[in-house]
Amino acid sequence: MFRCGRYDDQMEAFLVSTGIVALAEMGDKTQLLSLVLAARFRKPWPIVWGIFVATLVNHGLAGALGSWVTTQLGPQALRWVLGASFLAMAVWILIPDKLDEEGDKANPRWGVFATTAVAFFIAEMGDKTQIATVMLAAQFQSWFWVVAGTTLGMMLANAPVVWLGEAITRKISLTWVHRISAVVFAILGALAFWGGPLPGSDNPMTSPQAMPTALYSPLTAPQL
């Protein structure tokens, strides 16, 4: 039977993952890479699809790692690890990224799509948003919805840059975006330390056998 509580948990994982990665990606080196690729190739569709595929594969692996971590750590240890990780991310995100140029790639050997996918996948390895995906998957224990959210967040941050170029980044205060992102990560870290909701950890579900007793009182019990 479909349970509203479970649906709410999934939507929370999806929406939080989308928002926090979209914010974290602003001014990140992978967003700068999107801008460079768009300027060099001037073919937005292959670039956008390359970013999507690279992000989906990269974050899928990161989410799987986060889900695996939850099976190796107890609830208390997981809470402390997540709390410290989120606070560290809050500090890390305040440090602006720089993109290292690696020569002219105006004529890619493997085509725009493949070049974008490979370059973006490599650039995302060990990046803030990949690490955030690992932590979010461990936090919410919902691999599919976290990966779907972080992938959507990456596309929301990068696709407009591919289409509109540098004009869109000039109209956004990256300093304030980084500050807001740091506050969000700090709040998540504080909630983890405080004992915030970790699905399946300290809040065991009520067993199906106990449900009728909890739901029916002598006044509302059906007459047999």
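Every read-out reported here was derived from the displayed coordinates using simple, explicitly stated rules and does not represent laboratory data. These numbers come from a predicted model, not from an experiment. FYI the Cβ positions are ideal-geometry reconstructions off the backbone, even for glycines, and counts take in every protein chain you see.
If Lys and Arg each add +1 and Asp and Glu each add -1, what is the summed charge of the other residues whose beta carbon sits under 12 Å from the beta carbon of Asn58?
It works out to a net charge of -2.
By count of other Cβ within 10 Å, fewest leading, how are Glu124, Glu25 ordered?
Details: Glu124 25, Glu25 28.
So the residues, fewest neighbours to most, are Glu124, Glu25.
So how do Thr151, Thr30, Thr70 line up by other beta-carbon neighbours within 10 Å, fewest first?
On the way: Thr151 23, Thr30 27, Thr70 20.
Taking fewest neighbouring Cβ atoms as first place, the list is Thr70, Thr151, Thr30.
So how do Leu15, Leu23, Leu136 line up by other beta-carbon neighbours within 10 Å, fewest first?
Working: Leu15 14, Leu23 25, Leu136 28.
Going from least to most buried by this count: Leu15, Leu23, Leu136.
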